[in-house]
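The values are calculated or read from the model by the stated rules, or taken from the named source; none is laboratory data. Just so it is clear, the structure is predicted and the values come from calculations on it, not from any experiment. Every residue, glycine as well, gets a Cβ built from its backbone with ideal geometry; the counts of neighbours run over all protein chains shown.
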Amino acid sequence: MEGQRSLELILARNLLSSISTPAFLVDAEGVLVFYNESAGGLLGRRFEEAGKMSAEEWGAAFGPFDNHGQPIPFERLPLTIALREGRPAHASHCIHSQTGEQHDIEVSALPLVSTDGGFRGALAIFWPMAEAQEYGG
Amino acid sequence: MRIKVWGARGSVPSPGPETTRYGGNTSCVQVTLSDGTIVVMDAGTGIRNLGLTLAGPAPRVNILLTHLHLDHIQGLMFFAPAFRPQTEIVIWGPKSSEASLESRIARYISAPLSPVEVRELPCDVSFREAPATEWEIGPAHLRAASVTHRGPTLGYRLTEGDRSVCYIPDHEPGLGASLHDLTPEWISGYDLAHDASLLIHDCQYSDDEYPDHVGWGHSPLRDALTFAHRVESERVLLFHHDPLHSDDFLDAFAGTATERWCELGGAAERLELAVERREIDLG
């Protein structure tokens, strides 16, 4: 059995699984430990099918790239900044879904720090630009 | 290891003719270890009666606070050993980035809420934030872990030899999740409670009451039973009774709980509702 997750990750997962905003959750080592159904719709694969992924694996699997089609270095991804620098970060970029679709998205990531100051991981929410335009964003 | 319940009520003391059998005192459980060491879990109003039994020169008393809501600390000021200079009291509790454990408790034991200040207590009292790693008190090994409730809240597990008690009086592990479906790593409190000889767990609400209290930090019967079933504890004591639950209500609730527990495959004699003054010898 996996070791017990921290309460902060458990609560974050419960929150993400209860909302329709696409979102990712990574632990303190950068391992992708959960993404919700909406994120699964965007990525073309449910989390239950994909399972946990290391930082390198999820970076490669969803291939964030810029408006010129260039891959965004791993260290510049908002989630990586939240993890490594312990601060919120935001960016606009494109991702590939597992079904070959391309999505323009806005990403906001924030670190998860417990009340006793322990670093527990980070979460990132995604907003597809097509939906943003639909809502007048 | 012997267990004695001194207060099983949640939220607020509820004395009166409706609660004489289950009791109206708030959370307090005494654990007496094989060498006589006393560990007290929470300091609700039940600790007052416990203190009255500790007459004469008391040994060191360890008090484990799960959190600092009033129903878990209200009895501290009325704990007789705290007013004896020869007593040593060590109070353990959750860490917070906001202030030290002593400072947070002193908000209650200070004017205008209290006629005495912490520094005026005659006993030798110290405050320690529960460590993230296992520690020892007497012959017992202790563990603490954060659990789902409102604000920084711990559950505790005490182990002596092959016997263990897990105490999670305020806990809402099913908030936003299905306890049936989650893998153990994602269940709040799982590691702490797994295989415990005795699990003392929150069961404040009936399933019908719960929809009006989602997010308040407490479990309905279905989640308390599912949690106990998932962690495979040997015995279960349902705890933290709602102040509105009369003895008659709790008698009927106990019947429902036993039926549902048996449907989950549990043995009826392994489940009970906590009753004030109930003693359990874990061997």
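Values for this structure:
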{"quantity": "Single residue of A:72, A:95, A:105 found to be crowded, with 17+ Cβ neighbours inside 10 Å and either within 14 Å of chain B (Cβ to nearest Cβ) or modelled with pLDDT of 90 or more (or both)", "calculated": "A:105"}
{"quantity": "Close pairs (7 angstrom Cβ cut-off, 6 or more residues apart or separate chains): facing chain A (nearest Cβ under 7 Å) and closer than 10 Å to residue A:10 by Cα in the range B:175-191, assigned to a helix (DSSP H, G or I) and of a type in the set (D, E, K, R) anywhere", "calculated": "B:186/A:13"}
{"quantity": "Residue check for residue A:38: of a type in the set (Ser, Thr, Tyr), outside any helix (DSSP H, G or I) and modelled with pLDDT of 90 or more", "calculated": "no"}
{"quantity": "Pair list, Cβ under 8 Å, 6 or more apart: the range B:226-246 residue at positive phi and assigned to a loop (DSSP other than H, G, I, E, B), other residue among the acidic types (Asp, Glu) and buried (at least 21 other Cβ atoms within 10 Å of the Cβ)", "calculated": "B:240/B:170; B:240/B:202"}
{"quantity": "Options A:16, A:83; residue that is within 14 Å of chain B (Cβ to nearest Cβ) and under 24 Å from residue B:188 (Cβ atoms)", "calculated": "A:16"}
{"quantity": "Test for residue B:167: is it surrounded by 18 or more Cβ atoms within 10 Å (Cβ to Cβ), touching a residue at least 12 places away in the same chain (Cβ under 8 Å), out of contact with any Gly (no Cβ under 7 Å at 6 or more places or on another chain) and within 28 Å of residue B:261 (Cα to Cα)", "calculated": "no"}
{"quantity": "Residues located in the range B:93-113, provided they are surrounded by 15 or more Cβ atoms within 10 Å (Cβ to Cβ) and within 14 Å of another protein chain (Cβ to nearest Cβ)", "calculated": "B:93, B:94, B:95, B:96, B:101, B:104"}
{"quantity": "Yes/no for residue B:116 being more than 14 Å from chain A (Cβ to nearest Cβ), over 20 Å from residue B:39 (Cα atoms) and surrounded by 13 or more Cβ atoms within 10 Å (Cβ to Cβ)", "calculated": "yes"}
{"quantity": "Within the range B:74-84, considering residues that are assigned to a helix (DSSP H, G or I) and in contact with a strand residue (DSSP E or B) (Cβ under 9 Å, 6 or more places away or on another chain), the one nearest to residue B:43 (Cα to Cα)", "calculated": "B:76"}
{"quantity": "Residue in the range B:249-264 that is in contact with a Cys (Cβ under 7 Å, 6 or more places away or on another chain) and closer than 25 Å to residue B:69 by Cβ present", "calculated": "no"}
{"quantity": "Failed condition for residue B:283, given (1) surrounded by 13 or more Cβ atoms within 10 Å (Cβ to Cβ); (2) in a loop (DSSP other than H, G, I, E, B)", "calculated": "(1)"}
{"quantity": "Single residue of the range B:138-156 satisfying the filter (away from chain A (no Cβ under 11 Å) and surrounded by 23 or more Cβ atoms within 10 Å (Cβ to Cβ)) that is nearest to residue A:6 (Cα to Cα)", "calculated": "B:144"}
{"quantity": "Members of the range A:27-50 that are among the hydrophobic types (A, V, I, L, M, F, W, C), touching a Leu at 6+ places or on another chain (Cβ under 6 Å) and under 20 Å from residue A:128 (Cβ atoms)", "calculated": "A:34"}
{"quantity": "Residues that are acidic (Asp, Glu) and in contact with a helix residue (DSSP H, G or I) (Cβ under 7 Å, 6 or more places away or on another chain), drawn from the range B:143-202", "calculated": "B:202"}
{"quantity": "Qualifying residue in the range B:30-38 (condition: closer than 23 Å to residue B:218 by Cα, part of a loop (DSSP other than H, G, I, E, B) and in contact (Cβ under 8 Å) with a residue 60 or more places away in the chain)", "calculated": "no"}
{"quantity": "Condition met for residue A:45 (buried (at least 17 other Cβ atoms within 10 Å of the Cβ) and at pLDDT below 90)", "calculated": "yes"}
{"quantity": "Among (1) away from every other protein chain (no Cβ under 14 Å); (2) part of a strand (DSSP E or B); (3) not small (Gly, Ala, Ser), the one test that residue A:33 misses", "calculated": "(1)"}
{"quantity": "Subset of the range B:192-201 that is assigned to a loop (DSSP other than H, G, I, E, B) and of a type outside the set (S, T, N, Q) - its residue that is farthest from the other protein chains (Cβ to nearest Cβ)", "calculated": "B:196"}
